[in-house]
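Values in this text are rule-based calculations from the coordinates and carry no lab data. Predicted model only: the values in this text are computed from it and were never measured. Heads up, the Cβs are rebuilt from the backbone with ideal geometry, glycines too, and the neighbour counts pull from every protein chain shown.
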Amino acid sequence: MRRTSLTISGLLLLLTVPALPQSLRLQPPAKVTAGESFTIASSGSGTATFYLLGSSHVAKRTIHLGEDVLVPGSEVSDSGLYQAVACVASDCSAARFVVAPSSPARLGFLVHPSRAPVSTSNVINATVLVFDQFNNTLLAPTDVDLRFSPPGAASYDRNAATHRGIAWLEIGSTPKQGQFQIVASAGSVTEPRIVQQVASEACGLRLNGTHNGRFVRVQTEPVRDCSGNPLSDGTIVTFTKIDSEGRSTVDAPIKKGVATAQFELSGQARISVACGVVLGNELSIGGRP
Amino acid sequence: MKSKLHLMECFQTLLLLGATILCFSHHSGSAANAASLPRVVLDADSIAPRPIEQQTGETVTHAYAQAWQDLADSLDSNNSDLLSEYFIGEAKQRLARRISDQQKTGLRTRYTDHGHKVRAVFYSRDGGEMQLEDEAQLEVQVFDGQRVIYSDSAAHKYLVLMTPGADRWYVRSLESAPNNAF
């Protein structure tokens, strides 16, 4: 008698639960490409609320179970993990799927520095980030070609494969100053950058002086680096005079390749010149007390 | 003994920094944690081509933890204003788009964050970009109104690009990745 009443109450309980669709289930494709439309198979009958949950997009709409659910490419433009969810009343079924990035369409090409001294090893570093048209990072290794065109020298190529969307390399600058063009390409996408190669430190810095009464006018010879590149106008040259009155310093910019300064003399004086970390020659000049 | 010393160092750091906990777990790793911040442990052993400085490691760890807290708060409250502090560029735009979609559809997402194991793998020579791989332990619940329509508790992988700003590091790109991605 007790068993019979339990069975009846169990049946009543079952009858009070809303009828659920038979095997509510979604079956997305194993792999989807960003920006491409696709369908998700659904099973069951009746209507359900469909949700698409992505990292940057969510969608909600009514679907007919048993029919394929069309997901337009615009809803899966970002790569990564998505969840497709179908709910009937409080019963929900979810399925995960992965959206893979599309083909390379954009390069983030970062070259540092924008001005590099000549003949310096590993001074230029280039970083390439490979994205598809939706700015998704291409996780799969992608070949990146880099074409280097240094000033006054033949162009050359280097290749690098991306790792998690990034490829990087370091190169040295060449001896001649001028524009060093670097072009990165992946697939049909190219991205150019320019590094301005500038003269390095001064080399063989020489100083001449002209004595004129109480004054001496000093002038450098054309200031060049060790590769013969003239240092840029505006580069500071420091002249230092030491005499009986002590030390006197003048900072002068290079103008038209040379730097000049004038000192008042007080007896014997020694005048030296420096540019950056480079010291030039020293002049000894006798003055009138 | 060493671990005791380490705990002492952490405790001292705690006292110094108040609510924000930043302490070093070892030479090249750091951890960020606080009462309200998700736990982030940064491992920078395999970073290249530039090594990470100690202070940079601390700053990145802290910024990433803050970013995840802001992400969780913004997706739960559907308030994209909360993204302005630690997100920038593509990451900010994508999250803002999701919040906008959630507002339109009446959804919201609740994250219960159980921590992030983060590996710094790329740091450019000029210090302008840092790439991280994050394995996050997250509980995710998506609500339609008051009803949970999706819940999940699992490890989630993210590929992250961070860039420095004037006074902090920003999350510039935050992309979910398949479990076998790294």
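Some observations on this one:
- Of the trypsin sites (Lys or Arg not before Pro) found in segment A:106-214, those that fall in a DSSP loop while having at most 13 other beta-carbon atoms within 10 Å are A:Arg206, A:Arg214.
- Between A:Val250 and A:Ser227, the FRET efficiency from the beta-carbon distance, with R0 = 30 Å, is close to 0.60.
- Approximate spin-label separation A:Ser149-A:Phe215, in nm, with each point projected 7 Å along Cα-to-Cβ: 5.0 nm
- Net charge in the neighbourhood of A:Glu191 (other residues with Cβ under 13 Å of its Cβ; Lys, Arg +1, Asp, Glu -1) is +2.
- With each label modelled as a point 7 angstrom along the Cα→C-beta vector, the A:Ala89-A:His64 pair spans 2.3 nm.
- Counted over all Cα-Cα pairs of segment B:83-182, pairs farther apart than 18 Å make up 57 percent.
- Near the amide H of A:Thr235, within less than 5 Å, lie the amide hydrogens of A:Ile254, all on another chain or at least 5 residues away, with H placed in the peptide plane.
- Here chain A is assigned +1 on the Cβ of each Lys and Arg and -1 on the Cβ of each Asp and Glu. Its dipole about the Cα centre then comes out at about 400 debye.
- Hull volume in cubic angstrom per residue (convex hull over the Cα atoms of segment B:47-125): 96 Å³
- The Rg/Rh ratio for segment B:125-182 is 1.14, where Rg is the radius of gyration of the alpha carbons and Rh is the Kirkwood radius.
- Within the shell defined by Cβ-Cβ distances under 10 Å, the residues around A:Ala34 carry a net charge of -3, with Lys and Arg each +1 and Asp and Glu each -1.
- Straight-line reach from A:Lys60: taking Cα to Cα under 18 Å and skipping same-chain neighbours fewer than 8 places apart, the aspartates and glutamates in range are A:Asp68, A:Glu75, A:Asp78, A:Asp91, B:Asp76, B:Asp101, B:Asp144.
- Mean residue ellipticity, 222 nm, helices only, chain A: the sum of -39500 (n - 2.57) across DSSP H runs of n ≥ 4, divided by residue count and rounded to 500, is -1500 deg cm²/dmol.
- For chain A, taking a cut-off of 4.7 Å between Cβ atoms, the unpaired cysteines are A:Cys275.
- Cα pair distances exceeding 18 angstrom across segment A:142-189, given as percent: 34 percent
- Projected-area average for the protein assembly as shown over all orientations - Cα convex hull basis, square nanometres: 35.1 nm²
- Within-12-Å neighbourhood charge of B:Asp152 [Cβ basis; K, R +1; D, E -1]: +1
- Convex hull (Cα only) mean projected area of segment A:106-198, reported in nm² to one decimal: 5.3 nm²
- Angle between chain A longest axis and helix A:2-16 axis [Cα atoms, degrees, rounded to 10]: 60 degrees
- Amide N proximity, segment A:206-232 versus A:Ser266 label position 7 Å along Cα-to-Cβ, cut-off under 16 Å: A:214-216
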